[in-house]
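Each remark here refers to the structure printed beneath this line.
The values are calculated or read from the model by the stated rules, or taken from the named source; none is laboratory data. What you see is a predicted model, and the numbers here were worked out from it, not measured in a lab. Reconstructed Cβ throughout: ideal geometry from the backbone, glycine too, with neighbour counts over all protein chains shown.
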Amino acid sequence: MHTVTTRPIEGQKPGTSGLRKKTRVFMQPHYLENFVQSVFDSIGGAAGKTFVVGGDGRFFNDRAAQVILRMAAANGAAHVIVGQGALLSTPAASHLIRLNKTDGGLIMSASHNPGGEDEDFGIKFNGPNGGPAAEGLTDRIFARTKEIAEYKITDAQDIDLSRIGETALGDMKITVVDPVTDYAALMETLFDFDKIRAMIADGFRIRFDAMNAITGPYAIEIIENRLGAAEGSVVHGTPLPDFGGMHPDPNPTWAHELMDTMNGPDAPDFGAASDGDGDRNMIVGPNVYVSPSDSLAVLAANAHLAKGYTEGLAGVARSMPTSAAADRVAQKMGLPCYETPTGWKFFGNLMDDNRVTLCGEESFGTGSNHVREKDGVWAVLMWLNILAVRKMSVVEIMQDHWQTYGRNYYSRHDYEAIETDTANALVTDLRAKLPDLPGQTIQGRTIATADDYTYHDPVDGSVSEHQGIRVIFDDAARFVIRLSGTGTSGATLRLYLESLELDPANFDRDPQDALAGIIGAAEEIAGIKARTGRDGPDVTT
Ligand code: G6P
Ligand code: ZN
């Protein structure tokens, strides 16, 4: 073991989900080491502790894992559980942290961002509950990176992570586990595999696009091997360091291959995609795209049909920019419903305190209290379980849902890689306008409220300010504007759009048409196109 003298490196501030930078930034001398040591220092040291380590397999994942192991050993950790090949999906890592009652874990991923030497890398710390570090801890980690003077690391050859079993590094025990086994066993406890298997045996066809990222091995084992879907139902199923050039973000823009298949002549009954680290999901049926906000609402309304949820839900939670479709379900079912800022970490307290069972975000995340991360494969299995029990198609489920609860038309428009100054000025100017907006009528709608969202955590009393600007009209339509906390170049401005439709005659509209009035009002008030000079969004969900 030796102690290396270092100096603070600027900019190691964790964002919405851990520290994310260009891979080459992480590959600079001391960069990863400074951050990992700051994590250990911020949790009261690593001595005697047990951690889970794994990542989504992107470029530098294997190198980073070796550094983390050497640093954990040097810092006196007792035991590290690591996925074979240093691979673990984010939800599987969360599960292992909980299952083994560890002190947390280090997950290497930049989630849905592209991978490769010239693309993105990331790392985050999850606590003993399996969830992403809360803001208090990430603030401490960042503060530590600004004063760090040394880190500890062991000199050692690479540990062989290709073989399952026990090994050691000095006094630290290392257990290499199959990344899929424990996770698949958990899924079997939550869902009725027999019913799904029977549906598939009956001819139900699935296409799961793993986008050359981490969910390939999970989906092949569960969907093909255990549930009996035909070989080849999982496409792009081998995790590659550069995701084969794919941008592993499961939305209609980046998962366009899947969209083409699902909108084509020989569409299977069910399509789904997941992201780089396996926590996101997109659900599609033949010629029907399920918006993530709607997916959360459908899961909330039907979860009791799956065996892990037969007792019903304690409550549901959604991020503020996510549509209120889930709220309508909660209201009808008499369930508590919570609104939180963007970022899965905000759901952790609500789940730990047993206030909610299901959570979801418009950013293609849905999950439950089975782990403390959102979970792409879980969402797919929940959908399959519901389809198997209700014996309806995806489009029938959606239509039935809207008939019962009304339809919250929803879309998100992303303007990517905007100059940071332009984006900040837009938000600052909009914030200044807020007090004058209520009462104004814009494009035929009157503004009811306009504010900059502040969250008061009902469990620990913490307060998070500036979580997105919302302009709400008196017919419950609204738009929200916030800057992404996960990008790595320039600023990404997100415009979230929603309107409520209760007339069944209007349930089959194109969301962009249904939302045209709100889109126009947002432009009139915020001037995104005018100020950025863009013709339209880069990504539309
Ligand atoms: C990650 C987080 C999510 C969040 C999403 C979008 O996936 O885990 O909780 O909703 O990023 O965040 P952003 O700040 O880019 O809108
Ligand atoms: Zn992800």
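Considering (1) within 16 Å of ligand 1 (Cβ to nearest atom); (2) touching a Ser or Thr at 6+ places or on another chain (Cβ under 8 Å), the lone condition that residue 349 does not fulfil carries the number (2). A single entry from 317, 326, 273, 303 fulfils the requirement of being aliphatic (A, V, I, L, M) and more than 16 Å from ligand 1 (Cβ to nearest atom): 303. Is it the case that some residue within segment 223-241 is free of Cβ contacts under 8 Å to residues at least 60 places away in the same chain, crowded, with 22+ Cβ neighbours inside 10 Å and within 15 Å of residue 380 (Cα to Cα)? Yes, the conditions are met somewhere in segment 223-241. Applying the set (1) surrounded by 13 or more Cβ atoms within 10 Å (Cβ to Cβ); (2) out of contact with any Gly (no Cβ under 7 Å at 6 or more places or on another chain); (3) in contact (Cβ under 8 Å) with a residue 40 or more places away in the chain; (4) not in a strand (DSSP E or B) to residue 485 leaves exactly one unmet item: (2). Of all residues in segment 500-527, those that are more than 19 Å from residue 290 (Cβ to Cβ) have Cβ atoms under 6 Å from Cβ atoms of residues that are of a type in the set (Phe, Trp, Tyr), 6 or more apart or on another chain, in 518/479; 522/479. Against the conditions (1) surrounded by fewer than 24 Cβ atoms within 10 Å (Cβ to Cβ); (2) touching a residue at least 60 places away in the same chain (Cβ under 8 Å), residue 382 satisfies every one except (1). Considering only residues in segment 400-422 that are within 20 Å of residue 252 (Cβ to Cβ) and acidic (Asp, Glu), the one that is surrounded by the fewest Cβ atoms within 10 Å (Cβ to Cβ) turns out to be 416. Checking each residue in segment 21-30 for being buried (at least 19 other Cβ atoms within 10 Å of the Cβ) and out of contact with any Asp or Glu (no Cβ under 6 Å at 6 or more places or on another chain) picks out 21, 26.
Taken together, 446, 428 contain a single residue that is more than 22 Å from the chain's Cα centre (by Cα), of a type in the set (Ser, Thr, Tyr), surrounded by fewer than 16 Cβ atoms within 10 Å (Cβ to Cβ) and not in a strand (DSSP E or B), which is 428.
Listed by first and then second residue, the pairs linking a residue in segment 1-27 that is at pLDDT 95 or above to a residue that is of a type in the set (Lys, Arg) and more than 16 Å from ligand 2 (Cβ to nearest atom), with Cβ atoms under 7 Å apart and 6 or more places separating them unless they lie on different chains, are 3/152; 8/146.
Matching residues to (1) assigned by TED's automatic domain parsing to the domain that holds residue 92; (2) outside any loop (DSSP other than H, G, I, E, B); (3) more than 18 Å from the chain's Cα centre (by Cα); (4) closer than 29 Å to residue 470 by Cβ:
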site: 266; (1), (2), (3), (4): no, no, yes, no
site: 272; (1), (2), (3), (4): no, yes, no, no
site: 293; (1), (2), (3), (4): no, yes, no, yes
site: 301; (1), (2), (3), (4): no, yes, yes, yes
site: 328; (1), (2), (3), (4): no, yes, yes, yes
site: 335; (1), (2), (3), (4): no, no, yes, yes
